[in-house]
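Trainee: Sending over a structure as structure tokens; questions will come in a sec.
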Amino acid sequence: MSIVSRSRSNRGLSGGSWNHRSKEVTELRKGGQLDAAFALSVERIADSEADDYDRAAYAWCLIALVKQHAGDGKQQKLSEYLDQLRRFEVPVSDEMLAEHREKALSLVDPDRRAIESARNLSKQGKHEDASRIYADLDANGKLAPEDRKAWGWELFRLIKGELEGSQDDKLSPPVVQRVKRNLNTYLKLTIGGPDLLHSLMLRQALRLTKGEQLKLLPFLRLWNPDQFNDEDFDRQLGKDGKTYPSLVEQVIQTASAEAAQSDRAEDRHFMLPHVQAAMKRFPDNIWLKFNLTKLLRGMGRIEEALKLAVEFAREKASEYWAWELIGDLVPNDIDLRRSCYAKALSCSQDDDFVGKVRLKFAALLEENYPSEARFEAERMIAHRARAGYAIPRDAQSLVERLAAVTPNTTDRAFYGRLSDAAEALLFSHLPWTDACLGDVFTVEGRDGQKPRKRRRIYVKGNPVAIELSLPDNHADLRGLTEGAPIRVQYEVSKSEPGRATIHRVGRRPDGAPMDILSFQVGVIDHINREKSLIHVVVTRNMDGTCPISLFPGQAKVGDAVAVRLAQHDSKTGVRTRIVQITSTNQAPPPDVCRPFRDATNVTPSGLGFTRGDIFIPPHMITAEGIEAGDLVEGIAIASFDKKRGKWGMKAIQAKTIARDHYDFGGDDDDLE
């Protein structure tokens, strides 16, 4: 702790201003009266009462005088004050004074003056000139360890300027070379971390990898992945409200992907513990799991890799490469491998990407499906020829061996017939659940995306069906009409319990249309003519809406209806959808709708209440001429009172059948 900081602490504890006599010297020095301040400090330290505060004030004056005369060329005075400053012994506890004393003493050293020049150039934004000074000093072996970091910051500013001056990831070759050279120079400084500068340099290197202009793995080895800052593990919230991966995730993902593709076993061994550590920190990052799978495969740990690949594919079941990876991990199980490649091709037919898996699939078809094998191989060859790519020898050889066979076109149906084994491997732990096909709806596109059509899937639930959805063009839904009985294997998300994913769909020949949605009896309690919606209450815990057009007839409040319901999760909670509605002669539950016959009171504001606490709205009181004490009969339905936070009953029909039936003003509660 420095004397200055200690004195501030003492001043704070005393609750008042600090009045040590050295304060006068400090004020004179800071006020520009340096000679007067120095003279007074010399007088004070000669005093028998002089203490560390007096001596510190004297030293600060010497420092200021050395700086002054180092710049004005008065060598005799500079020499005199330097000599005094050298003889001054700084208390061990005053680190700040010791640091500034060393800087002042260094001003007479040409190398130190060069450092000061570099710092001044940096302040002027001339980072290239500043960096050149540091480089010259380093080349002559005269760069002090404490100045390496200052040089590191100059290199960072140079790199940042280069990258920010380029559009997107398109960097010109000269820019790339300069950035790489500066990154390499930085690594040779061996600054290390955890440190802000060290992390910032890693970010710049990561930027180059996005344009495939730098391999991150060799850089990371020298950077040392054990030197991340705590902040490097924090995910970032973007201006668009989305959460983006932390620096650690981005770096480990990129470097591990490079290691998985590397021919060097030591690269995989180097990255393995770092990927495993990152997975523990970020268990929801499936790309770390994907890269770990490929690392394990490269290390020959196939069983571990396959287990991870299956877990990964469950989360990315619609991506062809997830299935291709599993197929690659079961080389000895021909049927399963073929099934995985078939499933991969059912997910994508984009020949720009699936050429390799198509060729692997064709090779496995040769024995049992030669016509289809030739078609797959020729399709792959034709695409590569159009794109100007070389034709793999394996593909050409396969076509030559099958020259006598007539090619037979493959399609999604063909892939689907061969995909069962692959799907069973992933989803055998999930039960088949009865379901029915719903209607098609459109999801509006966001951020320039096109609208998407999806198909509702109603899955058997308790007490009502669960509404999920799939893309309308899903291969297993083709040819099916609304209401068709199907069965599904689906999984509820562990991280988001309100979300579920349908993994497999199968037909249910013994089922009937909409058979998993049983009818339930409710009552129409409201009709919104402006929005053309009907609202139905089924129980006090369940209600739903549907378009008026869905009701076969003239709907009116109070009608008993039979409805088929399904529930789905939304941003506002669980919502209930009326899938089908029709009239019924069945009576709703009495706590939902019932007739009443009871004495009624009317408040001065025109609100009606029966003795059984059924509410009669003011407009009905007025229309029917109901008065306090009347015996009223009608129909009441369940109604939720938002102000009181509880359910009650509200009349939808009411009429007086007897006047003065009950005296609400008397003490006798008996009916007359």
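Trainee: Exactly one condition in (1) modelled with pLDDT of 90 or more; (2) part of a loop (DSSP other than H, G, I, E, B) is not met by residue 397; state its number.
Mentor: The number of the failed condition is (2).
Trainee: Do any residues in the range 259-274 that are in a helix (DSSP H, G or I) have Cβ atoms under 6 Å from those of residues that are crowded, with 17+ Cβ neighbours inside 10 Å and among the basic types (Lys, Arg), where the two are at least six apart or on different chains, and which pairs are they?
Mentor: Listed pairs, sorted by first residue: 259/268; 260/294.
Trainee: Could you count how many residues in the range 69-90 are exposed (fewer than 15 other Cβ atoms within 10 Å of the Cβ) and within 58 Å of the chain's Cα centre (by Cα)?
Mentor: Qualifying residue count for the region: 2.
Trainee: Among the residues of the range 124-137, is any over 23 Å from residue 193 (Cα atoms), among the hydrophobic types (A, V, I, L, M, F, W, C), exposed (fewer than 14 other Cβ atoms within 10 Å of the Cβ) and not assigned by TED's automatic domain parsing to the domain that holds residue 71?
Mentor: Within the range 124-137 (the criterion being over 23 Å from residue 193 (Cα atoms), among the hydrophobic types (A, V, I, L, M, F, W, C), exposed (fewer than 14 other Cβ atoms within 10 Å of the Cβ) and not assigned by TED's automatic domain parsing to the domain that holds residue 71), the answer is no, since none of the residues qualifies.
Trainee: Only residues that are in contact (Cβ under 8 Å) with a residue 24 or more places away in the chain and not aliphatic (A, V, I, L, M): list them for the range 332-347, please.
Mentor: Of everything in the range 332-347, those that are in contact (Cβ under 8 Å) with a residue 24 or more places away in the chain and not aliphatic (A, V, I, L, M) turn out to be 335, 337, 338, 339, 340, 343, 346, 347.
Trainee: Looking only at residues that are part of a loop (DSSP other than H, G, I, E, B) and touching an Asp or Glu at 6+ places or on another chain (Cβ under 8 Å) in the range 481-512, which one is surrounded by the fewest Cβ atoms within 10 Å (Cβ to Cβ)?
Mentor: Among them, the one singled out is 495.
Trainee: With respect to residue 553, determine if the residue is of a type outside the set (A, V, I, L, M, F, W, C), touching a residue at least 12 places away in the same chain (Cβ under 8 Å) and on the phi > 0 side of the Ramachandran plot.
Mentor: yes
Trainee: Can you tell me which residue is modelled with the lowest pLDDT among those in the range 409-427 that are crowded, with 16+ Cβ neighbours inside 10 Å and not in a helix (DSSP H, G or I)?
Mentor: Among those residues, the one meeting the criterion is 419.
Trainee: Search the range 276-329 for residues being outside any loop (DSSP other than H, G, I, E, B) and without any contact (Cβ under 8 Å) to a residue 12 or more places away in the chain, and hand back the single one that is farthest from residue 474 (Cα to Cα).
Mentor: Out of the qualifying residues, it is 277.
Trainee: Any residue at all in the range 420-427 that's in the same structural domain as residue 375 (by TED's automatic domain parsing), more than 32 Å from the chain's Cα centre (by Cα) and either more than 21 Å from residue 370 (Cβ to Cβ) or not basic (Lys, Arg) (or both)?
Mentor: Taking every residue of the range 420-427 in turn, at least one turns out to be in the same structural domain as residue 375 (by TED's automatic domain parsing), more than 32 Å from the chain's Cα centre (by Cα) and either more than 21 Å from residue 370 (Cβ to Cβ) or not basic (Lys, Arg) (or both).
Trainee: Also: Which numbered condition trips up residue 197, out of (1) touching a Leu at 6+ places or on another chain (Cβ under 6 Å); (2) at pLDDT 90 or above?
Mentor: (1)
Trainee: Next question, about the same structure. Go through the range 149-194 residue by residue and tally those that are in a helix (DSSP H, G or I) and either out of contact with any His (no Cβ under 6 Å at 6 or more places or on another chain) or at pLDDT below 90 (or both).
Mentor: 29
Trainee: Right, another one. Would you confirm whether any residue within the range 588-610 is crowded, with 18+ Cβ neighbours inside 10 Å and assigned to a loop (DSSP other than H, G, I, E, B)?
Mentor: The answer is yes, given that some residue of the range 588-610 is crowded, with 18+ Cβ neighbours inside 10 Å and assigned to a loop (DSSP other than H, G, I, E, B).
Trainee: Has the range 387-400 got any residue that is within 38 Å of the chain's Cα centre (by Cα) and closer than 19 Å to residue 331 by Cβ?
Mentor: No, the range 387-400 has no match at all.
Trainee: So, in the range 138-148, exactly how many residues are surrounded by fewer than 14 Cβ atoms within 10 Å (Cβ to Cβ), in a helix (DSSP H, G or I) and over 42 Å from the mean Cα position of the chain (by Cα)?
Mentor: 1
Trainee: Here is a further query. Anything in the range 331-382 that is acidic (Asp, Glu) and over 19 Å from residue 424 (Cα atoms)? List them, or say none.
Mentor: Listed by number, the residues that qualify are 350, 351, 352, 366, 367, 372, 376, 378.
Trainee: Separate question: Pick out the one residue from 454, 487 that is outside the structural domain of residue 423 (by TED's automatic domain parsing), touching a Phe, Trp or Tyr at 6+ places or on another chain (Cβ under 7 Å) and free of Cβ contacts under 8 Å to residues at least 24 places away in the same chain.
Mentor: 454
Trainee: Next question, about the same structure. Are any residues in the range 600-623 within 55 Å of the chain's Cα centre (by Cα) and free of Cβ contacts under 8 Å to residues at least 12 places away in the same chain, and if so, which ones?
Mentor: 609, 619
Trainee: Continuing with this model, one more query. Residue 125 is checked against (1) at pLDDT below 80; (2) small (Gly, Ala, Ser); (3) outside any helix (DSSP H, G or I) and fails just one. What number does that condition carry?
Mentor: (1)
Trainee: Might you check whether a residue that is under 12 Å from residue 418 (Cα atoms), surrounded by fewer than 21 Cβ atoms within 10 Å (Cβ to Cβ), of a type outside the set (Lys, Arg) and in contact (Cβ under 8 Å) with a residue 60 or more places away in the chain occurs anywhere in the range 362-370?
Mentor: Checked the range 362-370: no residue is under 12 Å from residue 418 (Cα atoms), surrounded by fewer than 21 Cβ atoms within 10 Å (Cβ to Cβ), of a type outside the set (Lys, Arg) and in contact (Cβ under 8 Å) with a residue 60 or more places away in the chain.
Trainee: Something else now. Identify, from the list 574, 563, the residue that is of a type in the set (A, V, I, L, M, F, W, C), in contact with a Gly (Cβ under 7 Å, 6 or more places away or on another chain) and in a strand (DSSP E or B).
Mentor: 563
Trainee: Filter the range 180-223 for residues that are small (Gly, Ala, Ser), surrounded by 15 or more Cβ atoms within 10 Å (Cβ to Cβ) and over 23 Å from residue 144 (Cβ atoms) and give the result.
Mentor: 199, 205
The values are calculated or read from the model by the stated rules, or taken from the named source; none is laboratory data. These numbers were taken from a predicted model, which means no experiment stands behind them. Heads up, the Cβs are rebuilt from the backbone with ideal geometry, glycines too, and the neighbour counts pull from every protein chain shown.
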